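Okay, so here's the structure we're looking at.
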Amino acid sequence: MFRFLFSLFLLTYFAYAKGVVTVSIPPQAFFVEKIAKDTVDINVLIPPNSDEHSFELKPSVIKELEKSDIYFAIGFSFEESLLKRFKNTLKHLDIVKTQENINLLEQSHNGHKHSALDTHIWLDPILVKVQAQNITNALIKHYPQHKNFYENNLKVFHDELDSIDSDIKKKFQGIKNNKFIVYHPSWSYFAKRYELMQIPVQINNKEPKARDLQRLIDIAKGENIKVVFIQKGFSKEAAQTIAKECNARLEEIDHLSRDWKNELLKSADILAYSLKE
Ligand SMILES: [Zn+2]
């Protein structure tokens, strides 16, 4: 009897025990949730409202990372150093590169290119389709009992991403200008997809020098730029200076929101409106 009950317990345990997965940034939690729903618990490495290129990891987040079956990486340099730092406790972690099968752009500003690759692939809904496929493959490998469920969820999410893409395209119809100034250059893939041109304030993730600031002010005046975009968790001073010099206003957008869809559509609205002024 005891053995029977014990096997029953084990069966129930394995059928209903939730896996834990870790992602680097909040938008990835949105993507994993679309596919996995409540079959996994999702641990997010970077805290809300921070700069994804420099932030402090919370000990609780590391603990959850150690419990995780999968780590959905996206291509940040912090991922490699983190995995190296904790390599002894993370032996069983499956590291999945969600950027697989995506042609990464080189980081570029002001004409010249830098060798570092641009990691901001989560702001283009068509590229998110590829990331969602990579996420689904890994989830099926680890939790094969949910294969059909995950495949159906992927199909629904792919359709949703296509309709987000066509909504955004419509928003940009009839714009007068296609250049926009944004503090941190996280919008390169989005800009490429919708035929816009991102002009970043930051150079190599650093504050601009006086000379760069003057160049940006000249561009903003010449291009009749009405809005300078700032981001949560990033410095506002340089953007404020530019906006003041050219009589533009500041708009805050959040490229790292876990409420990915609403936030992306909202940012597209603000951006499209500013390009029609
Ligand atoms: Zn970034």
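In the set Ile225, Ile230, Ile217, Ile270, only one residue is part of a strand (DSSP E or B) and touching a residue at least 24 places away in the same chain (Cβ under 8 Å); that residue is Ile230. Just one of the listed residues (Glu79, Glu106) is among the acidic types (Asp, Glu), buried (at least 17 other Cβ atoms within 10 Å of the Cβ) and not assigned by TED's automatic domain parsing to the domain that holds Trp260, namely Glu79.
One residue alone among Ile135, Ile168, Ile140 is within 25 Å of Lys276 (Cα to Cα) and among the β-branched types (Val, Ile, Thr), and that residue is Ile168.
Sub-7 Å Cβ pairs linking a first residue in the range 243-260 that is at negative phi to a second residue that is within 16 Å of the ligand (Cβ to nearest atom) and of a type in the set (D, E, K, R), at least 6 apart or interchain, are Glu252/Lys232; Asp254/Lys232; Asp254/Glu263; Leu256/Glu52; Ser257/Glu263, ordered by first then second residue.
Checking each residue in the range 162-181 for being among the charged types (D, E, K, R) and under 23 Å from the mean Cα position of the chain (by Cα) picks out Asp162, Asp165, Asp167, Lys169, Lys170, Lys171, Lys179. Ile253 falls short on exactly one of the conditions (1) over 26 Å from Ala29 (Cα atoms); (2) touching a Phe, Trp or Tyr at 6+ places or on another chain (Cβ under 8 Å), and that condition is (1).
Would you check if Pro144 is more than 28 Å from Asn262 (Cβ to Cβ), modelled with pLDDT of 95 or more and not hydrophobic (A, V, I, L, M, F, W, C)? When the stated conditions are applied, Pro144 passes them.
Taking the listed residues Ser186, Ser166, the one that is outside any strand (DSSP E or B) and in contact with a His (Cβ under 7 Å, 6 or more places away or on another chain) is Ser186, with no other qualifying. Helices (runs of 4 or more DSSP H) fully within the range 49-153 that include at least 1 residues being within 16 Å of the ligand (Cβ to nearest atom) and among the charged types (D, E, K, R): 77-85.
Among residues of the range 182-215 being within 22 Å of the chain's Cα centre (by Cα) and away from the ligand (no atom under 16 Å from the Cβ), the one that is surrounded by the fewest Cβ atoms within 10 Å (Cβ to Cβ) is Glu195. Exactly one residue among Thr22, Thr89 is touching a residue at least 12 places away in the same chain (Cβ under 8 Å), surrounded by fewer than 15 Cβ atoms within 10 Å (Cβ to Cβ) and farther than 24 Å from Lys206 by Cα, and that residue is Thr89.
The set of residues in the range 248-267 that are in a helix (DSSP H, G or I) and buried (at least 16 other Cβ atoms within 10 Å of the Cβ) comprises Trp260, Lys261, Glu263, Leu264, Ser267.
The values are calculated or read from the model by the stated rules, or taken from the named source; none is laboratory data. Remember, it's a predicted structure, so these values are computed and weren't measured experimentally. Backbone-built Cβ (ideal geometry, glycine too); neighbour counts: all protein chains shown.
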